[in-house]
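A quick write-up on the structure given underneath.
The values are calculated or read from the model by the stated rules, or taken from the named source; none is laboratory data. Bear in mind that the values here come from a model prediction, so they are computed numbers and not experimental data. Ideal geometry is used to build each Cβ from the backbone, glycine not excepted, and the neighbour counts take in all protein chains shown. The area values use the complete protein model at the heavy-atom level, side chains included, leaving out ligands, DNA and RNA. Shrake-Rupley method; radii C 1.70, N 1.55, O 1.52, S 1.80 Å.
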Amino acid sequence: MITLYHSPQTRSSSIVWLLEELQVPYETKLVSFRRADGTGEKDPVNPHPHGKVPALHDDGETVFESSAIALYLTDKCRKVRLGPALGEPKRGEFLSWLAYRAGVMEPAFMERRLKIKHIQGMMGWAAPDEVEEVLNEHLAKNKYFLGDEFSTVDVMLGGGLHFMLLFKMATETDVLKEYTARITARPAFKRAAERDAPK
Ligand SMILES: N[C@@H](CCC(=O)N[C@@H](CS)C(=O)NCC(=O)O)C(=O)O
């Protein structure tokens, strides 16, 4: 049984959405974590080395960090195809966009929110305006990140983008609005949101 260490309405919610898309049995273990407002604490049951969510246990394996968990699940649970397998066309593009959420998009928008000066050539990510340009340009030409095929990238990067727009960390454009409306209309997204809703 897949166990997701989870806290509602956090980055681990993307993994709940992914598990719903993949239609595999899973359980969630709700854990506490250190919040930005100073409340909460690391939960000793959470296997993430920094006590962050998400983390996952499956079949004797521990996986932490959203991108790693997303790739692990997409590769392992292939009853539903959510991206090209190793050796298939577009695998490189799939991996690149999958890494882009935690490696480029999140730090860029966080840099903007915290008013950190971007130093070209030093930061490991691109400046927020440039990230927005790339995302808008790509999604203006493609229904989903991989073209016509919905994939894990839309759950992870698209879901992250949806969150950034909701919290005004990214600039709303018609292209991004239409794209995020398209992906959040999916039944699996709605099931995950219902599961996460405050009771
Ligand atoms: N790089 C991690 C980020 C995970 C993360 O920071 N999650 C937040 C909740 S949304 C957290 O657990 N924060 C607690 C902390 O920073 O100690 C990933 O992509 O999975």
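What to note about this one:
- 21 Å tail of the calculated P(r), the chain, as % of Cα pairs: 53 percent
- Each Lys and Arg contributes +1 and each Asp and Glu -1, all at the Cβ; summed about the Cα centre of the chain, the dipole is approximately 380 debye.
- Surface analysis of the chain yields an accessible area of 53 Å² per residue, using protein heavy atoms and a 1.4 Å probe.
- The label point for His118 and the one for Arg182, both projected 7 Å from the Cα toward the Cβ, are 2.5 nm apart.
- One Cα centroid belongs to the stretch 12-64, the other to the stretch 178-192; the line between them spans 22 Å.
- Residues with amide H under 5 Å from that of Tyr5, placed H, sequence gap 5 or more: Lys29, Ala55, Leu56, His57
- In this entry, the stretch 91-186 is assigned a mean projected area of 5.9 nm², taken as a quarter of its C-alpha convex hull surface.
- Using a probe of 1.4 Å, the accessible surface attributed to Phe64 totals some 90 Å² when neighbouring protein chains are kept in position.
- Cα→Cβ-extended label distance, 7 Å offset, between Val80 and Val175, nm: 2.8 nm
- Chain lengthening between Val134 and Glu41 when straightened (0.36 nm per residue, less Cα-Cα): 29.8 nm
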